[in-house]
Each structure stands twice: as structure tokens, then as C-alpha cells.
Amino acid sequence: MKINKIKNFLNMNKSIIKFITDFGPLLIFFIYYKKYGMTQAILPLILATLIATGVLYFFEKKIPKVPIISAIIVTIFGSLTLYFDNKTFFYMKPTIVNIFFALILFIGSFFLKKNFLKSILKGSIQLEEEGWTILNKRWIIFFLFLAILNELTWRTQTEDFWVKFKVFGILPITLIFTVLQLNLIKKYKKNV
């Protein structure tokens, strides 16, 4: 009985830790941005992202690919922004990240004949191959959509609007897109 309670407590904490490591750096960025401005918010974002990556490693003894790639990109583009004192690098970071993910999925699927989305998600969901192929194509299109949306937003709106869009807009859009994939997942779900 006590062992089950301990396991449940650890599993519950893993969810909380995952949530904090996913969204904590973004929240820190937003708080510093509101108080000091974008340039002063970038270094705390870089540090929070690196700390979150270390925390993930400490608890899981491995770092999933997406957080490590994101940490590298945040560090590179944040550093470029600070070094050159040019916010354009930071504005373009979401564009480049989304294009990068779209390219990875595209190259894997069409040239390497490997579905990287399936490799990442196979522990969470089991689909027939046709379902994986459709889901992979949809994510490629979605990542490209986010890249275009980011470009349109930072090039046509104020810095404040872009920051709010980055912090509070991209996540709901991604959640809505993910929920819209549930019918596809149900249709092609493997009965194991």
C-alpha cells in the first residue's frame, strides 16, 4: 500500500516537473520582459532553459530530443541577439525551430523512409502505418503554418503583441491542432 502511494506521488511529481520544465522558462521570459524589456529577458530565458534541461536529465536520466534541440536553439539565437544587439535573431527563432522540425519530419519520411514522429510518440500511441503517415504529413504542414504565422506576426505587429503571441498564442494553437488529431488517432489506433 505504501509503495503504491510513493509510486503515485513520484508519478504525480514527474507530471508537475515536466510541466514546470516545459513552461517555466517561457514564464520567466515573460516576467522579465514585462519588467525590463526583451533584451534583458533573453539571458534569464537561456539560463532557465538550461536549468530545466538539467532538471529533466536529473529526474529522467535522459533528455528527450525535442527539449535538447529547443535548448540549443534558444541558447544560440538568444546569444546571437545579445551579442549583435539585434532582436531579429530572437524574433526568427520560432520560425527556424518550426521549419527545422518540419524539415526533420519531411526528410525522414520522404528521403530516409523513417517516420520520426512515430519514433518520438510510439511509447504514447500505437497507430497503423497509414495513420502515422497521415499524422506525420499533418505535423509537417502545421510546423510550416506556425513558421509563417510567426513571420507574419513579428513583421507586422508590435514587439509586445509578438511576445504575448509567443507566450500565450502558440501553445493554445498547438493544443487545438493536437485535439483535432484525435479522430485520426482513433481511426488508425492499433488494437494491441
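The values are calculated or read from the model by the stated rules, or taken from the named source; none is laboratory data. A quick note: this is a predicted structure, and the numbers were derived from the prediction, not measured. Neighbour counts run over all protein chains shown; Cβ positions are idealised from the backbone, glycine included. Heavy atoms of the whole protein, side chains included, go into the accessibility calculation; ligands, DNA and RNA do not. Shrake-Rupley method; radii C 1.70, N 1.55, O 1.52, S 1.80 Å.
Side notes on the structure shown:
- Checking Ile96, Ile63 one by one, the residue that is over 14 Å from Asp22 (Cβ atoms) and aliphatic (A, V, I, L, M) is Ile96 and no other.
- Residue among Val192, Val179 that alone is in a loop (DSSP other than H, G, I, E, B), more than 22 Å from Ile72 (Cα to Cα) and either of a type in the set (A, V, I, L, M, F, W, C) or at pLDDT 95 or above (or both): Val192
- Count - residues of segment 155-171 that are touching a residue at least 40 places away in the same chain (Cβ under 8 Å) and open to solvent by less than 40 Å² (accessible area, probe 1.4 Å): 5
- Meets criteria (open to solvent by 60 Å² or more (accessible area, probe 1.4 Å), outside any loop (DSSP other than H, G, I, E, B) and at pLDDT below 95) for Ile148: no
- Within segment 37-93, tally of residues that are touching a residue at least 24 places away in the same chain (Cβ under 8 Å), of a type in the set (Gly, Ala, Ser), closer than 17 Å to Gly24 by Cα and out of contact with any Lys or Arg (no Cβ under 9 Å at 6 or more places or on another chain): 3
- Close contacts from segment 104-133, counting a first residue that is closer than 22 Å to Lys187 by Cα and a second that is hydrophobic (A, V, I, L, M, F, W, C) and open to solvent by 100 Å² or more (accessible area, probe 1.4 Å), with Cβ to Cβ under 6 Å and a gap of 6+ residues or different chains, come to Gln126/Val192.
- Criterion (modelled with pLDDT under 95 and aliphatic (A, V, I, L, M)) met by exactly one of Ile140, Ile170: Ile170
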